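Trainee: Input: one structure, supplied below.
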Amino acid sequence: MLRFDLTTKAHAPLMAALHAVSFETAWSEESFRTFLDLPTTVGFINEAGFILCTVVADEAEILTLCVHPDCRRQGIATALLQKMEAYLKERHVSRFFLDVRASNLPAIGLYTRNGFTQMNRRVAYYETENGREDALVLKKEL
Ligand SMILES: CC(C)(COP(=O)(O)OP(=O)(O)OC[C@H]1O[C@@H](n2cnc3c(N)ncnc32)[C@H](O)[C@@H]1OP(=O)(O)O)[C@@H](O)C(=O)NCCC(=O)NCCS
């Protein structure tokens with residue numbers, strides 16, 4: 001079984017490194033420290049990947065989720081989602097949301113396979129190198 005730690009500010013360098021190899025636009029260590037300072041931020045991490053969420057009342061939203069390219073398709077993101085869902089359910093959080101680029105088929109595959117469904121589409125929500133792109137808003141009732 002995969003093991004993850006609850007994120008703390010000490011994880012900011014690892015989070016920034018994993019984020020930089022996973023996304024076009026990297027978030028800085030400082031931005032991770034800022035998120036982790038907020039009492040509403042919760043995350044789980046290991047050397048291969050992490051998930052970071054905002055939790056307010058009975059709702060949680062994924063801020064970011066990524067797995068190192070060398071470690072993908074081994075179930076790590078699925079395990080991170082399951083770990084987070086167990087944590088949220090224990091705290092009576094009932095609704096889980098996220099935004100994903102409409103072209104991000106690996107992520108859409110991951111979320112669909114883990115029980116998320118589309119609730120909305122935000123047209124031209126993201127700015128990309130090739131113009132604007134829609135966001136899909138996915139949700140799961142926990
Ligand atoms: C999306 C991401 C987190 C998936 O991580 P992962 O650890 O490889 O995911 P898993 O191994 O748990 O995959 C679970 C399922 O998701 C789907 N999936 C994952 N990667 C996929 C891909 N490249 N193509 C199609 N389906 C994919 C599959 O159904 C997969 O099951 P399978 O391997 O049995 O076919 C990873 O590709 C990543 O970090 N991408 C860059 C960052 C990103 O886009 N994050 C999401 C932002 S919303």
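The values are calculated or read from the model by the stated rules, or taken from the named source; none is laboratory data. Since we're looking at a predicted model, the values are computed, not measured. Neighbour counts run over all protein chains shown; Cβ positions are idealised from the backbone, glycine included.
Trainee: Which condition breaks for A77 when tested against (1) closer than 24 Å to F116 by Cα; (2) outside any helix (DSSP H, G or I)?
Mentor: (2)
Trainee: Something else now. Tell me which residues, restricted to region 64-113, are of a type in the set (D, E, K, R), under 23 Å from M1 (Cα atoms) and within 13 Å of the ligand (Cβ to nearest atom).
Mentor: D70, R72, R73, K83, R113
Trainee: Does region 41-63 hold any residues that are closer than 18 Å to D5 by Cα, in contact with a Cys (Cβ under 9 Å, 6 or more places away or on another chain) and not aromatic (F, W, Y), and which are they?
Mentor: Listed by number, the residues that qualify are T41, V42, G43, E47, A48, G49, I51, I62, L63.
Trainee: Are there any pairs with C-beta distances below 6 angstrom linking a residue in region 86-107 that is farther than 16 Å from Y126 by Cα and part of a helix (DSSP H, G or I) to a residue that is modelled with pLDDT of 95 or more and within 16 Å of the ligand (Cβ to nearest atom), with the two at least 6 apart or on different chains, and if so which?
Mentor: If the second residue must be modelled with pLDDT of 95 or more and within 16 Å of the ligand (Cβ to nearest atom), the pairs left are L88/A60.
Trainee: Here's something else I'd like to know. Consider only pairs whose beta carbons are under 9 Å apart and that are at least six residues apart or on different chains; among these, list those whose first residue lies in region 34-60 and is farther than 17 Å from H19 by Cα and whose second residue is crowded, with 23+ Cβ neighbours inside 10 Å and aromatic (F, W, Y).
Mentor: Short answer, once both residue conditions are applied: E59/F96; A60/F96.
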